Amino acid sequence: MRLVSDSPLRSTRTRRGASPARILPALLLAIASGLAGCAAVGPRPEPTSAGKEPYLLLRLGERRLYVKDAEAELPTEGFPVAVGKPQFPTPTGRFQVNEMVKDPDFLVFDFSNPQGRDRGRIPPGPENPLGLRWIGFAHAHGWSIGFHGTAKTQFLGQAVSHGCVRMANADIIKIFDRIKLGTPVVVEP
(Lines give C-alpha, C1' and ligand atoms only; values in the text may rest on other atoms or scores of the structure.)
Protein backbone atom coordinates (compact mmCIF):
# COMPACT_ATOMS: atom_id res chain seq x y z
CA MET A 1 0.00 0.00 0.00
CA ARG A 2 1.37 3.41 -0.93
CA LEU A 3 1.28 6.05 1.77
CA VAL A 4 0.69 9.66 0.86
CA SER A 5 1.21 12.70 3.03
CA ASP A 6 -2.48 13.18 3.85
CA SER A 7 -3.17 9.49 4.50
CA PRO A 8 -4.84 8.55 7.78
CA LEU A 9 -2.15 5.88 8.10
CA ARG A 10 0.57 8.50 8.47
CA SER A 11 0.13 8.48 12.23
CA THR A 12 0.24 4.68 12.38
CA ARG A 13 3.91 4.36 11.55
CA THR A 14 5.27 2.57 14.51
CA ARG A 15 7.46 4.45 16.82
CA ARG A 16 8.82 3.00 19.94
CA GLY A 17 6.24 3.57 22.60
CA ALA A 18 3.27 4.38 20.23
CA SER A 19 -0.03 3.77 21.94
CA PRO A 20 -2.28 1.01 20.52
CA ALA A 21 -5.24 3.27 21.34
CA ARG A 22 -3.94 5.75 18.74
CA ILE A 23 -3.15 3.08 16.14
CA LEU A 24 -6.44 1.14 16.25
CA PRO A 25 -8.83 3.99 15.12
CA ALA A 26 -6.53 4.95 12.25
CA LEU A 27 -6.20 1.32 11.17
CA LEU A 28 -9.99 0.81 11.24
CA LEU A 29 -10.47 3.99 9.16
CA ALA A 30 -7.94 2.76 6.61
CA ILE A 31 -9.64 -0.63 6.32
CA ALA A 32 -13.09 0.96 5.95
CA SER A 33 -11.75 3.29 3.27
CA GLY A 34 -10.32 0.34 1.41
CA LEU A 35 -13.63 -1.51 1.49
CA ALA A 36 -15.63 1.53 0.40
CA GLY A 37 -13.25 2.47 -2.39
CA CYS A 38 -11.45 5.72 -3.04
CA ALA A 39 -14.52 7.92 -3.19
CA ALA A 40 -15.41 10.92 -1.13
CA VAL A 41 -18.18 10.45 1.41
CA GLY A 42 -21.50 11.87 0.30
CA PRO A 43 -23.73 11.68 -2.75
CA ARG A 44 -22.10 10.63 -6.00
CA PRO A 45 -22.37 13.00 -8.95
CA GLU A 46 -24.71 12.03 -11.76
CA PRO A 47 -22.92 10.38 -14.67
CA THR A 48 -22.42 12.64 -17.65
CA SER A 49 -23.82 11.81 -21.05
CA ALA A 50 -20.29 11.76 -22.54
CA GLY A 51 -20.23 7.95 -22.55
CA LYS A 52 -23.58 7.82 -24.34
CA GLU A 53 -22.67 10.03 -27.28
CA PRO A 54 -22.06 8.38 -30.64
CA TYR A 55 -18.68 7.79 -32.18
CA LEU A 56 -17.66 6.98 -35.74
CA LEU A 57 -16.27 3.55 -36.62
CA LEU A 58 -14.72 3.23 -40.06
CA ARG A 59 -13.94 -0.31 -41.23
CA LEU A 60 -11.69 0.07 -44.24
CA GLY A 61 -11.94 -3.58 -45.29
CA GLU A 62 -15.73 -3.36 -45.36
CA ARG A 63 -15.69 0.10 -46.95
CA ARG A 64 -18.35 1.17 -44.44
CA LEU A 65 -18.69 3.90 -41.85
CA TYR A 66 -20.77 3.14 -38.77
CA VAL A 67 -22.30 5.49 -36.25
CA LYS A 68 -21.93 3.61 -32.99
CA ASP A 69 -23.38 4.45 -29.61
CA ALA A 70 -20.88 3.77 -26.83
CA GLU A 71 -23.26 1.48 -24.92
CA ALA A 72 -24.57 -0.52 -27.90
CA GLU A 73 -22.76 -3.66 -28.99
CA LEU A 74 -23.86 -3.33 -32.60
CA PRO A 75 -23.51 -0.19 -34.72
CA THR A 76 -26.70 1.84 -34.93
CA GLU A 77 -26.32 2.75 -38.60
CA GLY A 78 -23.84 2.08 -41.43
CA PHE A 79 -22.99 3.86 -44.69
CA PRO A 80 -21.03 2.82 -47.81
CA VAL A 81 -17.84 4.81 -48.39
CA ALA A 82 -14.88 5.16 -50.73
CA VAL A 83 -11.46 5.14 -49.02
CA GLY A 84 -7.85 5.94 -49.85
CA LYS A 85 -6.13 4.15 -52.70
CA PRO A 86 -3.00 2.08 -51.91
CA GLN A 87 -0.50 4.91 -52.52
CA PHE A 88 -2.58 7.28 -50.31
CA PRO A 89 -4.18 5.00 -47.68
CA THR A 90 -6.71 6.28 -45.19
CA PRO A 91 -4.83 6.31 -41.84
CA THR A 92 -5.84 3.78 -39.20
CA GLY A 93 -6.04 4.40 -35.47
CA ARG A 94 -7.97 6.53 -33.01
CA PHE A 95 -8.76 10.14 -33.89
CA GLN A 96 -11.35 12.77 -33.15
CA VAL A 97 -13.34 15.19 -35.26
CA ASN A 98 -11.31 18.41 -35.43
CA GLU A 99 -13.14 20.34 -38.15
CA MET A 100 -16.73 20.55 -39.42
CA VAL A 101 -17.70 22.69 -42.42
CA LYS A 102 -21.04 23.08 -44.21
CA ASP A 103 -20.75 23.75 -47.95
CA PRO A 104 -16.93 23.68 -47.97
CA ASP A 105 -14.59 25.31 -50.47
CA PHE A 106 -11.99 23.08 -52.10
CA LEU A 107 -8.48 24.44 -52.45
CA VAL A 108 -6.96 22.87 -55.58
CA PHE A 109 -3.35 21.76 -55.14
CA ASP A 110 -0.90 19.29 -56.63
CA PHE A 111 -1.18 16.01 -54.68
CA SER A 112 2.40 15.13 -55.65
CA ASN A 113 3.61 18.46 -54.18
CA PRO A 114 1.13 19.54 -51.47
CA GLN A 115 3.45 22.31 -50.24
CA GLY A 116 3.58 23.86 -53.71
CA ARG A 117 1.57 26.76 -55.03
CA ASP A 118 -2.21 26.52 -54.84
CA ARG A 119 -3.92 26.10 -58.18
CA GLY A 120 -7.19 27.80 -57.34
CA ARG A 121 -10.37 27.33 -55.39
CA ILE A 122 -13.61 25.54 -56.16
CA PRO A 123 -16.53 27.23 -54.38
CA PRO A 124 -19.38 25.30 -52.76
CA GLY A 125 -21.75 23.72 -55.25
CA PRO A 126 -22.27 20.68 -57.46
CA GLU A 127 -18.74 20.81 -58.94
CA ASN A 128 -17.03 20.86 -55.54
CA PRO A 129 -15.20 17.56 -54.90
CA LEU A 130 -15.90 17.84 -51.13
CA GLY A 131 -19.66 17.71 -51.63
CA LEU A 132 -21.99 19.31 -49.12
CA ARG A 133 -20.10 18.66 -45.85
CA TRP A 134 -16.53 18.24 -44.58
CA ILE A 135 -15.66 16.45 -41.32
CA GLY A 136 -11.90 16.56 -40.72
CA PHE A 137 -10.29 14.07 -38.35
CA ALA A 138 -6.63 13.46 -39.31
CA HIS A 139 -3.59 14.72 -41.20
CA ALA A 140 -1.63 12.45 -43.57
CA HIS A 141 0.30 12.63 -46.86
CA GLY A 142 0.73 16.40 -46.39
CA TRP A 143 -2.95 17.35 -46.22
CA SER A 144 -6.06 17.07 -44.05
CA ILE A 145 -8.01 13.82 -44.08
CA GLY A 146 -11.72 13.70 -43.44
CA PHE A 147 -15.14 12.47 -44.37
CA HIS A 148 -16.80 14.42 -47.17
CA GLY A 149 -19.70 14.21 -49.52
CA THR A 150 -19.62 13.33 -53.20
CA ALA A 151 -22.10 13.35 -56.04
CA LYS A 152 -20.12 10.52 -57.70
CA THR A 153 -21.68 7.68 -55.73
CA GLN A 154 -20.61 5.10 -58.33
CA PHE A 155 -17.16 5.09 -56.64
CA LEU A 156 -18.47 4.19 -53.16
CA GLY A 157 -17.14 0.83 -52.04
CA GLN A 158 -13.80 1.39 -53.76
CA ALA A 159 -10.30 2.57 -52.77
CA VAL A 160 -10.05 5.65 -55.02
CA SER A 161 -9.34 8.73 -52.88
CA HIS A 162 -6.20 10.50 -51.69
CA GLY A 163 -6.84 9.27 -48.13
CA CYS A 164 -10.19 10.90 -47.47
CA VAL A 165 -13.45 9.05 -46.97
CA ARG A 166 -16.09 9.85 -49.56
CA MET A 167 -19.78 9.42 -48.81
CA ALA A 168 -23.06 10.13 -50.57
CA ASN A 169 -24.06 13.74 -49.89
CA ALA A 170 -27.30 12.63 -48.16
CA ASP A 171 -25.29 10.32 -45.85
CA ILE A 172 -22.64 12.89 -44.89
CA ILE A 173 -25.43 15.32 -43.94
CA LYS A 174 -26.92 12.67 -41.59
CA ILE A 175 -23.51 12.10 -39.98
CA PHE A 176 -22.79 15.84 -39.73
CA ASP A 177 -26.06 16.43 -37.88
CA ARG A 178 -25.38 13.66 -35.31
CA ILE A 179 -21.83 14.52 -34.24
CA LYS A 180 -19.82 17.47 -32.94
CA LEU A 181 -16.23 18.63 -32.66
CA GLY A 182 -14.33 16.15 -30.51
CA THR A 183 -16.43 13.12 -31.51
CA PRO A 184 -14.15 10.05 -31.46
CA VAL A 185 -13.27 8.42 -34.78
CA VAL A 186 -11.93 4.86 -34.85
CA VAL A 187 -10.46 3.65 -38.15
CA GLU A 188 -9.87 -0.11 -38.39
CA PRO A 189 -8.10 -1.95 -41.23
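Contact map, the range 118-139: first residue touching a residue at least 12 places away in the same chain (Cβ under 8 Å) and within 23 Å of Pro184 (Cβ to Cβ), second residue in a strand (DSSP E or B) and among the aromatic types (Phe, Trp, Tyr), Cβ cut-off under 8 Å, separation 6 or more or different chains; pairs are Leu130/Phe106; Arg133/Phe147; Trp134/Phe147; Ile135/Phe147; Phe137/Phe95; Phe137/Phe147; Ala138/Phe95.
Exactly one residue out of Asp110, Asp118 is touching a Leu at 6+ places or on another chain (Cβ under 8 Å), farther than 18 Å from Ala170 by Cα, in the same structural domain as Gly182 (by TED's automatic domain parsing) and at pLDDT below 95: that is Asp118. Just one of (1) at pLDDT below 95; (2) of a type in the set (Asp, Glu); (3) in contact with a Pro (Cβ under 9 Å, 6 or more places away or on another chain) fails for Asp103. It is (1). Given the structure, is His148 under 22 Å from the mean Cα position of the chain (by Cα), at pLDDT below 95, farther than 17 Å from Gly78 by Cβ and not charged (D, E, K, R)? Taking the combined requirement at face value, the residue does not satisfy it.
Within the range 78-101, if we keep just the residues that are free of Cβ contacts under 8 Å to residues at least 40 places away in the same chain and in contact with a strand residue (DSSP E or B) (Cβ under 7 Å, 6 or more places away or on another chain), the residue that is nearest to Tyr55 (Cα to Cα) turns out to be Gly78.
The values are calculated or read from the model by the stated rules, or taken from the named source; none is laboratory data. What you see is a predicted model; the values in this text were computed from it and never measured. Virtual Cβ from ideal backbone geometry, glycine too; neighbours counted across all protein chains shown.
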